[in-house]
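Peer 1: First, the structure itself, so that you have it in front of you.
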Amino acid sequence: MDQSLWRHVWIELSVLLEVKRKINHDDSSLWLLMKTDNAHHRWSIYGLLAVIVAMSIGLSAIIAQTGQEIRSAATPLLKKKLPLLDQISRLESALLQNQLTLNQYFAYSIPRDRFLEVQQSSRAEIEAHFAQLDTAFGTSPELSAMRGINNNLISLGPHLDALMTAKTIDWDEARAVLVALNILTVEIRQELDKLKTITETEVYAAGDRTRSGIDRIIQLVYLYSLATLITAVFVIHHIRARLRSEHELAHQATHDLLTGLENRRSFERLLTSLPEHPHAIILASIDRFERVIGGLGHEAGDQLMQKIAARLSEAMTGTGSRVFRLDGYSFALLYSVGSDRPPVRSVLMGMQAAMAEPFEVANNEVFSHLSIGAANHPADGNDAGSLMRNADAALQAARQGGGNEFVIYSHELNAQTQERLVLEAQLSHALEREELVLHYQPQQNLSRGTLIGFESLVRWQRGSEMISPAEFIPLAEDSGLIIPIGNWILAEACRQARLWNEETGLELVVAINISSLQFRHPDFLQTVKQTLAETGVDPSSIELEITESIAMQNADYTIKLLQSLRHLGLELVIDDFGTGYSSLAYLKRFPLKKLKIDQSFIRHLSPASNDAAIVKAIISLGHSLGFAVIAEGVETSEQLECLSHWGCDEIQGFYYGRPLPAEVATAFIGKPPTV
């Protein structure tokens, strides 16, 4: 069959399988650089604060230095220059007073005795002012010139007095004295203006230095204020970022990052303060979620988880329920019961209804379902611990029922839980007590009608009671006991296969089921090698059966492991084919011998059934890939006839033979039935 044809067969098979899932509601279809930013912001703030501290110290030093400069400039100004200007002004006033006195005396405006008194006081005052100027200017040319003029000026007073007291007054000579007085007064005032200009220049220079120092201080204060403002802005930004980060961290601490729902911590905190009014705790888990991850990858699993969370939240809106994601593929709801709200059963049915429509995940249509357990307060417990235990017991009951159902807690579940715990404790001792035994179900080649081998099936003989595998195998898988049990089955089946082949001379094959935990265990390959060496069995007489879902979990790893097993000489079979999510690209790379059609497709098989189309497609697909095909669960002649007609290679089921103890199976080898 060419490549295009078997691709067509594969597509046809996929469609038929999907139809089968929809008709029978089959359950087989199906998750923190803030630190760097915070550190960067933190060091930025520290740097700015260090700059501000350094600027503050520098500013203090500069202000101190500038203040000293201002003080150095202002001290002479205040102590010398300004008083000096006052002395110059006072000297000028005294000179003018002297000039006025002489003019008044000439005009007889004042009497002689008053004139002499004023002359004496003016000369004393002028001399005192000159003494002050001598201290300030020393031997400056201007002061020396003024001294000479002043001496001439002083001599005019007595000369005018002599003229005015003569018997005959020479008015022309007197007027000439006044003219000389005016000229000398102007000259000395001119010299005083020079000294005033020198002093004022020094005063202005001191003032400029003072103003420059003050301006520099103001600029530094402005710069410091600006730096402080910038730092304040960064600090405020940092505080806001810190508060925002703390808010985000607080939100992350109470919410699931993937779905945005409140998380286990929030749920457990809420349970410590349960409301007094009636309410229900509801636990839910996604059925066979690992198949989605195995078939489509973890990213697709995260997408599905987000969509399920959104759909549950939407469905529970307005019901008074709070939805939480606990961990993995588990959810929890806290439902407040009230007379104005629907009963718990209606809420659980609403959760199931929300899952009825398929999900679009990674361009694939995925059907997913929930197992749900619920416990009511106060009927099923008055405290959080008992309510959680009872809700979990109900959830486990729903899962053990096959999934896609809800169970409301009842007291009978406690008895079942206790029984399960007792069963688990006893199972842990079953190997050492040699209570486990293997039964072997015969397999037939249809074209030859001959016995080709057996499938090994474990049984638990607890005293006189035979425990069904349906009871203890799931328990062994949940508890991890499946690893030692699986290893024992492998060794026991290999010993039996060698014994039969040596005793009968026939090339019989013994098929051994490998669990998911056993297949994924890091020591599995080494365990198989060691078992083959210890038992001495011919590897070609051993078939290892793994389910389709196991094979598609990390398919690349599966290919490597299967190739290693095949190199040991073992035969490999995909069990329960048609119930998982196989990828044709991977399936054709698996080093398989055969495909085993799941018994769910055989149970109601008839020529006109939907199952018939699926079975025919699987047989055609298997042959196109070069695999043999075996059907399990064959119980009627009609089923046998259909399978034979469609080209199925082998069968297994009650119609050909039930599972048999080893000694009975040995007898069966000698006298197999004719069918």
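Peer 1: From the list E455, E405, E477, which residue is crowded, with 16+ Cβ neighbours inside 10 Å and touching an Asp or Glu at 6+ places or on another chain (Cβ under 8 Å)?
Peer 2: On the way: E405 fails: touching an Asp or Glu at 6+ places or on another chain (Cβ under 8 Å); E477 fails: touching an Asp or Glu at 6+ places or on another chain (Cβ under 8 Å).
Sole residue among the options that is crowded, with 16+ Cβ neighbours inside 10 Å and touching an Asp or Glu at 6+ places or on another chain (Cβ under 8 Å): E455.
Peer 1: Taking strands (runs of 3 or more DSSP E) that fall entirely within the stretch 421-518, which contain at least 1 residues that are touching a Pro at 6+ places or on another chain (Cβ under 6 Å)? First the steps, then the outcome.
Peer 2: Values: elements: 436-445, 450-462, 465-467, 509-513.
Here the list reads 436-445, 450-462.
Peer 1: Something else about it: Exactly one of these conditions fails for A227: (1) of a type in the set (G, A, S); (2) surrounded by 16 or more Cβ atoms within 10 Å (Cβ to Cβ); (3) not assigned by TED's automatic domain parsing to the domain that holds A54. Give me its number.
Peer 2: So A227 meets the others, but not (3).
Peer 1: Another question, if that's okay. G653 - would you say it is under 19 Å from V510 (Cβ atoms) and buried (at least 21 other Cβ atoms within 10 Å of the Cβ)?
Peer 2: Yes, satisfied.
Peer 1: For the stretch 526-547, indicate whether the set of residues that are under 43 Å from the mean Cα position of the chain (by Cα) and modelled with pLDDT under 90 is non-empty.
Peer 2: Scanning the stretch 526-547 turns up at least one residue that is under 43 Å from the mean Cα position of the chain (by Cα) and modelled with pLDDT under 90.
Peer 1: If you scan the stretch 359-389, which residues turn out to be among the aliphatic types (A, V, I, L, M) and outside any loop (DSSP other than H, G, I, E, B)?
Peer 2: Of everything in the stretch 359-389, those that are among the aliphatic types (A, V, I, L, M) and outside any loop (DSSP other than H, G, I, E, B) turn out to be V361, V366, L370, I372, A374, A375, A384, L387, M388.
Peer 1: Then there's this: Please work out which residue is modelled with the lowest pLDDT, limiting yourself to the stretch 409-429 and to residues that are touching an Asp or Glu at 6+ places or on another chain (Cβ under 9 Å) and within 20 Å of V344 (Cβ to Cβ).
Peer 2: H411
Peer 1: Need the failing condition index for P378 against (1) over 22 Å from F267 (Cα atoms); (2) more than 35 Å from the chain's Cα centre (by Cα); (3) of a type outside the set (K, R), just the number.
Peer 2: So the condition that P378 fails would be (1).
Peer 1: I need the full set of residues from the stretch 399-410 which are part of a helix (DSSP H, G or I) and under 34 Å from the mean Cα position of the chain (by Cα), in order please. I'd like the intermediate steps shown before the answer.
Peer 2: Here is the first cut: in the stretch 399-410, the ones part of a helix (DSSP H, G or I) are 399-400.
Selection gives R399 alone.
Peer 1: As an exercise: evaluate A253 against (1) more than 24 Å from Y409 (Cα to Cα); (2) in the same structural domain as A356 (by TED's automatic domain parsing) and give the number of the one condition it does not meet.
Peer 2: Answer for A253: the failing condition is (2).
Peer 1: Looking at the structure I just gave you, is E246 part of a helix (DSSP H, G or I) and within 30 Å of S93 (Cα to Cα)? Spell out how you get there, then give the answer.
Peer 2: Working: part of a helix (DSSP H, G or I): yes; within 30 Å of S93 (Cα to Cα): no.
Here the answer is no, as E246 does not meet what is asked.
Peer 1: Just wondering, is there one or more residues in the stretch 572-579 that are assigned to a helix (DSSP H, G or I) and either aliphatic (A, V, I, L, M) or in the same structural domain as Q443 (by TED's automatic domain parsing) (or both)?
Peer 2: Our first condition is that a residue be assigned to a helix (DSSP H, G or I); within the stretch 572-579, this holds for none.
No, the stretch 572-579 contains no residue that is assigned to a helix (DSSP H, G or I) and either aliphatic (A, V, I, L, M) or in the same structural domain as Q443 (by TED's automatic domain parsing) (or both).
Peer 1: So, one more: Let me confirm something: among G318, G297, G328, which residue is out of contact with any Gly (no Cβ under 9 Å at 6 or more places or on another chain), within 16 Å of E360 (Cα to Cα) and surrounded by fewer than 18 Cβ atoms within 10 Å (Cβ to Cβ)?
Peer 2: On the way: G318 fails: within 16 Å of E360 (Cα to Cα); G328 fails: within 16 Å of E360 (Cα to Cα).
The conditions single out G297.
Peer 1: Taking the stretch 290-314, which residues are modelled with pLDDT of 85 or more, in contact with a Ser or Thr (Cβ under 8 Å, 6 or more places away or on another chain) and closer than 22 Å to T579 by Cβ?
Peer 2: Selection gives L304, I308.
Peer 1: Restricting attention to the stretch 255-268, does a residue exist that is exposed (fewer than 15 other Cβ atoms within 10 Å of the Cβ), modelled with pLDDT of 80 or more and under 23 Å from L387 (Cβ atoms)?
Peer 2: So far as the stretch 255-268 goes, yes, one or more of its residues are exposed (fewer than 15 other Cβ atoms within 10 Å of the Cβ), modelled with pLDDT of 80 or more and under 23 Å from L387 (Cβ atoms).
Residues checked against (1) modelled with pLDDT of 95 or more; (2) surrounded by 18 or more Cβ atoms within 10 Å (Cβ to Cβ); (3) in a loop (DSSP other than H, G, I, E, B):
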{"position": "S582", "(1), (2), (3)": "no, yes, yes"}
{"position": "Y586", "(1), (2), (3)": "no, no, no"}
{"position": "P591", "(1), (2), (3)": "no, no, yes"}
{"position": "R603", "(1), (2), (3)": "no, no, yes"}
{"position": "A608", "(1), (2), (3)": "no, no, yes"}
{"position": "D611", "(1), (2), (3)": "no, yes, no"}
{"position": "A617", "(1), (2), (3)": "no, yes, no"}
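Matching residues to (1) crowded, with 21+ Cβ neighbours inside 10 Å; (2) assigned by TED's automatic domain parsing to the domain that holds R269; (3) touching a helix residue (DSSP H, G or I) at 6+ places or on another chain (Cβ under 8 Å):
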| position | (1), (2), (3) |
| --- | --- |
| G338 | no, yes, no |
| V347 | yes, yes, yes |
| A362 | no, yes, yes |
| G373 | yes, yes, yes |
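Peer 1: For L621, work out the one condition from (1) crowded, with 20+ Cβ neighbours inside 10 Å; (2) part of a loop (DSSP other than H, G, I, E, B); (3) among the aliphatic types (A, V, I, L, M) it doesn't fulfil.
Peer 2: Unmet condition: (2).
Peer 1: Still on this structure, I have one more. Just a yes or no: is a residue in the stretch 100-110 under 22 Å from K194 (Cα atoms) and aromatic (F, W, Y)?
Peer 2: Among the residues of the stretch 100-110, not one is under 22 Å from K194 (Cα atoms) and aromatic (F, W, Y), which makes the answer no.
Peer 1: Scan the stretch 501-515 residue by residue and report those that are surrounded by fewer than 17 Cβ atoms within 10 Å (Cβ to Cβ) and on the phi < 0 side of the Ramachandran plot. Give the steps one after another, and end with the answer.
Peer 2: Going through the stretch 501-515, the residues surrounded by fewer than 17 Cβ atoms within 10 Å (Cβ to Cβ) turn out to be 502-507.
Those that are surrounded by fewer than 17 Cβ atoms within 10 Å (Cβ to Cβ) and on the phi < 0 side of the Ramachandran plot: E502, E503, T504, L506, E507.
Peer 1: Cβ contacts < 9 Å: first residue among the acidic types (D, E) and modelled with pLDDT of 95 or more, restricted to the stretch 435-461; second residue surrounded by fewer than 21 Cβ atoms within 10 Å (Cβ to Cβ) and not in a strand (DSSP E or B), any location; separation 6+ or different chain. Result?
Peer 2: Going by the 9 Å Cβ cut-off, the qualifying pairs are E455/P659.
Peer 1: Would you mind finding the one in G480, G463, G449 that is of a type in the set (G, A, S) and closer than 24 Å to E650 by Cβ?
Peer 2: Sole residue among the options that is of a type in the set (G, A, S) and closer than 24 Å to E650 by Cβ: G449.
Peer 1: Sort out which residues of the stretch 548-571 are at pLDDT 90 or above and not in a helix (DSSP H, G or I), and write them in order of number. Walk me through how you get there before you give the answer.
Peer 2: Let us first name the residues in the stretch 548-571 that are at pLDDT 90 or above, namely 559-571.
Residues satisfying the conditions are L568, G569, L570, E571.
The values are calculated or read from the model by the stated rules, or taken from the named source; none is laboratory data. On a predicted model such as this, the values are computed, not experimentally measured, just so you know. Counting neighbours? That spans all protein chains shown, and the Cβs are built from the backbone with ideal geometry, glycine included.
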